[in-house]
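Please treat every number below as a calculation from the coordinates, not as lab data. Treat the numbers as computed from the prediction; the structure is a model and nothing was measured. Cβ atoms come from the backbone with ideal geometry, glycine included; neighbour counts cover every protein chain shown.
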Number of protein chains: 2
Amino acid sequence: MPQDKKLVTEITPRDEDFGRWYTDVVLKSGLVDYSGVKGCVIMRPYATALWENIRSLLDARFKATGHENVMMPLFIPESLLNLEKSHIAGFAPEVAWITHGGGEKLAERLCVRPTSETLFCEHYKNIVHSYRDLPQLLNQWCSVVRWEKSTRPFLRSREFWWQEGHTLHATPEEANGEVMRMLDIYADFAERDLAMPVVRGRKSESEKFAGAEATYSIECMMHDGRALQSATSHYLGDGFARAFGIQFTDRDNLLKTPFQTSWGMSTRIIGGIIMTHGDDAGLVLPPNVAPVQCVVIPIASHKEGVTEAAQALTAALNSSGVRAKIDLTDNTPGWKFAEHEMRGVPLRIELGPRDLEKGECVLVRRTTREKSTIAIESAPALLPGVLEDIQRELYDEARRNRDAHTSEARGVQEIRDILSSKGGFIHAQWCGGPGCEQSLKDELGLTTRNMPFDLGRIADKCVCCGKQADIPALWALAY
Amino acid sequence: MPQDKKLVTEITPRDEDFGRWYTDVVLKSGLVDYSGVKGCVIMRPYATALWENIRSLLDARFKATGHENVMMPLFIPESLLNLEKSHIAGFAPEVAWITHGGGEKLAERLCVRPTSETLFCEHYKNIVHSYRDLPQLLNQWCSVVRWEKSTRPFLRSREFWWQEGHTLHATPEEANGEVMRMLDIYADFAERDLAMPVVRGRKSESEKFAGAEATYSIECMMHDGRALQSATSHYLGDGFARAFGIQFTDRDNLLKTPFQTSWGMSTRIIGGIIMTHGDDAGLVLPPNVAPVQCVVIPIASHKEGVTEAAQALTAALNSSGVRAKIDLTDNTPGWKFAEHEMRGVPLRIELGPRDLEKGECVLVRRTTREKSTIAIESAPALLPGVLEDIQRELYDEARRNRDAHTSEARGVQEIRDILSSKGGFIHAQWCGGPGCEQSLKDELGLTTRNMPFDLGRIADKCVCCGKQADIPALWALAY
């Protein structure tokens, strides 16, 4: 059946050209379509369903920790964006400007939000007056716009979807506690639900958010050894609050300035899922977020009772909490196998007339292609456990890959050797000087990903300049 | 306790000035805050939670009828917007234009989507080739921008949130079936979940959507007798598809042009809920969409066991499917009663030390203020039924109000008399001529809301010109 293989062979092999493999997978699996505006993609139903699952799992964690959602305006007046100086310096070069509305030139131009700190500050100034109004724990799900020069679906686009949390607290201690709580929520979500092992740590000065006192990130390793910054959590101190004049009367009756955080995860994480778990046959989706967890494919569906039995099984699976779907298109079974493999559906059930006679069906795992014959009746009770196993195996595999591609380096030549051999994450001591950071970036394209919380001292001296160095850091090529 | 009443007395009485009453309610109940951009509001947590409930109930209906969600770009290139002539004529005067991005002037300006027909058409042209690719049943939840001159929270704003469905079909019959199916879904949702009785019907030529062959609407009566167009469903024919060159190869191997629909409901409906059910004490929210269905208020909460019992009851209510919340702020009970009434929470439970001794609590309905004493133990089983009763009563009350303010008219003087006495909906026969429609609009501000499916012949002659008339129509002042 040459046609059945066509879908698969159209995907560039992963280890031949990782970039082309990625583009093939996102387009052919039906995740995105390009739009007429450069750098803006269409999130097709499959990507949207995936994002809705991500959203629902993260949102439940936000709400369980006391956060509420809001919907803020899309536009920021130029004068408002300008209020916090380091913030505007970081974002001004990449915003899109509205100059005309309703047929007239606007008195003041508006930018399309690249992030919403300034909007939240303006709102907080209106609604926060007393310690009773604190903390403010707000979040929004929306899209933002940054006018990137070179773009790639999910990884870097001019419009992307995300959530942005913005909170306001009476003390720096409480705000810092929030920053860490949210970083931990992202780490927990990535590891448990996306099967992506993370490195939690603090960003260097040069890599922190424009306007933040400190930025923390979770960093994940992609299959090609590069790092993906997968979520960030910022401690903003009282810089924005001072710039916007936000004040509150504390319990001691004194007027004080509150302390702020912001934190976000975006559709970029979908690129991370793809590049962590995908293989030569296409996507591999972690069961916890897969839009379809099990596809049921009737074989010889014209034979009496086959379609009905497959439909009954699909319904029974859905009743037991498995997101199951039947494929009743008129494609051949072989085509269907390849298509759902390409779309990364964790499990496939094949059900033909002979299986039906024996009360059995064939269960196939996307990851290993391992086949087993099981009783139809037992499937609804069995599958949730199988999905959990797959979820854990995906995490273990990604963890093994990361550990196998993480090295220590004590000098620049050692770094060069690692990059030219196995690549991946490099643990190396750093003096903290921006010069050393810049020099490794210029020569090797390497950046500090973060200063991991869990990383012990690698050496006494800086990997770059050889001077006394106190900071163990994670370095990598990054997306 | 004068402080306790302050919240309430700050609301303008509904029958004194309905417009001011509305503004007071939306601001003081914490639904919205104004932003620095004229006509763009902030949807605060309470409004966002309400919209999330609306979204989840509507989205389930869309998915149950085979629709899938997508996320389309925010921007439309000018040349793309220009492709369908009557569409651009309708929308060009009210769009916002991006002229600069990333520090440079754009080669072609982009508008912020006022609606996304053109984006869906461009996408459909890419993905639809054969009858196997039809129907396309897509929807998106997003915000859109229309540069309105005069704005009011929810009712008319420069940015608003909505869902927009866009579908593509092989035949006009199938597309028209979809148009009616979606209108019925809106009607069912409005009546069952929002307790808002609707009039389903077809819009006149002058009131239809720019680019549509036919527009259908559901119209609801607000407390002041004015109409609110609450959702629309459009039959677009093949006009857009021809303009965009969308074609498919049918089963008979001929190249054909498909037929299209679009349909939407927006955050405007929140204004409708407010103006249908609200009263002098503030909001009244239908239980099916209320963010909080029952607030639990401990009385003398410092007394032993009161707070614990109230917390246990709140948890038990949540377990039985009631969205319950405890109010543990240090406001007085009287203040809390007024505040949650103002926020339209359908039920309140008061629980004090004496109640606790007897194993009882006091249940108060928002609508009637009727109080009853019930056993604490029985509350979790009892409340779902009480909420259903309230939901039904709200519908019945709105229906009674609408019927009491619906009149028939057979001449212009009769219309003037109705408008100057009780106002409301007017059933009157119409010749279908745009001149008569325009004349009643100019003189009385009256518009045809729609031509209701269920309305029989009122008279033989047009209410305006007196000529032979075939169309029974619904006329009203409208938001």
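Computed over neighbours whose Cβ is under 11 Å from that of residue B:157, the net charge equals +4, Lys and Arg +1, Asp and Glu -1.
Here r is the Cβ-Cβ distance between residue A:130 and residue A:20 and R0 is 60 Å; the resulting FRET efficiency, rounded to 0.05, is 0.55.
Tally the DSSP beta bridges in chain B and give the antiparallel ones as a percent, rounded to 5.
Values: 69 of 84 bridges.
Among the beta bridges of chain B, antiparallel pairing accounts for roughly 80 percent.
Spin-label model, residue B:188/residue A:392: points 7 Å from Cα along the beta carbon direction are separated by 4.2 nm.
Determine the dipole magnitude for the stretch A:392-447: charges of +1 sit on the beta-carbon of Lys and Arg, -1 on that of Asp and Glu, nothing else is charged, the reference point is the Cα centre, and the result goes in debye to the nearest 20. List each step's numbers first, then the result.
Details: 8 positive and 10 negative charges, 18 e Å.
Roughly 80 debye for the stretch A:392-447.
Inter-copy label distances at residue B:417, shortest first and taken from points set 7 Å along Cα to Cβ: 10.3 nm.
Run a plain Debye calculation on chain A (Cα atoms as equal point scatterers, no solvent) and give log10 I(q)/I(0) at q = 0.13 Å⁻¹, rounded to two decimals, same order as the q list. Results for chain A at q = 0.13 Å⁻¹ read -1.24.
Counting Lys and Arg as +1 and Asp and Glu as -1, what is the net charge of the other residues whose Cβ lies under 14 Å from the Cβ of residue B:119? Kindly include the intermediate steps, with their values, before the conclusion.
Details: positive: A:44, B:113, B:125; negative: A:33, A:159, B:78, B:84, B:117, B:122, B:164.
Taking every other residue near residue B:119 into account, the sum is -4.
Here the mean projected area of the convex hull built on the C-alpha positions of the stretch A:305-454 is 13.1 nm².
Each principal axis of the Cα cloud of the stretch A:109-255 was evaluated for its coordinate range; sorted largest first, these ranges are 57, 38, 28 Å. Let a ≥ b ≥ c be the square roots of the eigenvalues of the Cα gyration tensor of the stretch B:294-385; is it rounded (a/c under 1.5), or, if not, prolate (a/b larger than b/c) or oblate? Taking the square roots of the gyration eigenvalues as a ≥ b ≥ c, the stretch B:294-385 is rounded. Here the relative contact order of the stretch A:294-385, from alpha carbon pairs under 8 Å that lie six or more residues apart, stands at 32 percent. Inter-copy label distances at residue A:86, using a point 7 Å along Cα-to-Cβ, come to 5.7 nm with the shortest given first. Here each label is just a point 7 Å from Cα along the line to Cβ, and for residue B:404 and residue A:57 those points are 5.3 nm apart. Report summary: the helix-based calculation at 222 nm, which adds -39500 (n - 2.57) for every DSSP H run with n ≥ 4 and divides by the residues of chain B, gives -11500 deg cm²/dmol.
Its alpha carbons considered, the stretch B:365-418 gives a radius of gyration followed by a Dmax of 19.3, 61 Å. Against the main long axis of the alpha-carbon atoms of chain B, helix B:434-444 sits at an angle near 40°. In nanometers and ordered shortest first, the copy-to-copy spacing of the residue B:180 label point, defined 7 Å from Cα toward Cβ, is 6.4.
How large is the dipole of chain B about the Cα centre if only Lys and Arg carry +1 and Asp and Glu carry -1, each at its Cβ, rounded to the nearest 20 debye?
Numbers: 56 positive and 65 negative charges, 112 e Å.
Using Cβ point charges on Lys, Arg, Asp and Glu, chain B gives about 540 debye.
Kindly state, to the nearest 0.05, the FRET efficiency for residue A:457 paired with residue B:439, given R0 = 56 Å and r defined as their beta-carbon distance. Let's see the in-between values first.
On the way: r = 86 Å, r/R0 = 1.54.
Once rounded, the FRET efficiency stands at 0.05.
Going by the alpha-carbon gyration tensor, a ≥ b ≥ c the square roots of its eigenvalues, is the stretch A:18-277 rounded (a/c under 1.5) or, if a/c is not under 1.5, prolate (a/b greater than b/c) versus oblate?
oblate
Each label was represented as a point 7 Å from its Cα along the Cα-to-Cβ direction; for residue B:357 and residue B:303 these points are 0.7 nm apart. Pull out a ≥ b ≥ c, the square roots of the eigenvalues of the alpha-carbon gyration tensor of the stretch A:49-188, then state rounded if a/c is under 1.5, prolate if not and a/b is larger than b/c, and oblate in the remaining case. It comes out oblate by the Cα gyration axes. A viscosity of 1.567 mPa s and a temperature of 4 °C, combined with the Kirkwood radius over C-alpha pairs in the Stokes-Einstein formula, give the stretch A:404-476 a diffusion coefficient of 110 µm²/s. The calculated FRET efficiency for residue B:478 paired with residue B:174, based on their beta-carbon distance and R0 = 41 Å, is about 0.80. Computed from Cα atoms alone, the Kirkwood hydrodynamic radius reported for the protein assembly as shown is 30.8 Å.
For the stretch A:113-221, a crude dipole built from +1 on the beta carbon of Lys and Arg and -1 on the beta carbon of Asp and Glu, taken about the Cα centre, is about 440 debye to the nearest 20. Computed over the stretch B:436-479, the range of Cα coordinates on each principal axis works out to 25, 23, 10 Å, biggest value leading. The count of lysine pairs in the stretch B:321-479 that are at least 8 places apart or cross chains, and whose C-alpha atoms lie under 30 Å apart, stands at 11.
Out of all DSSP beta bridges in the stretch A:404-476, what portion is antiparallel? Express it as a percent rounded to 5. For the stretch A:404-476, the DSSP antiparallel bridge percentage is about 75.
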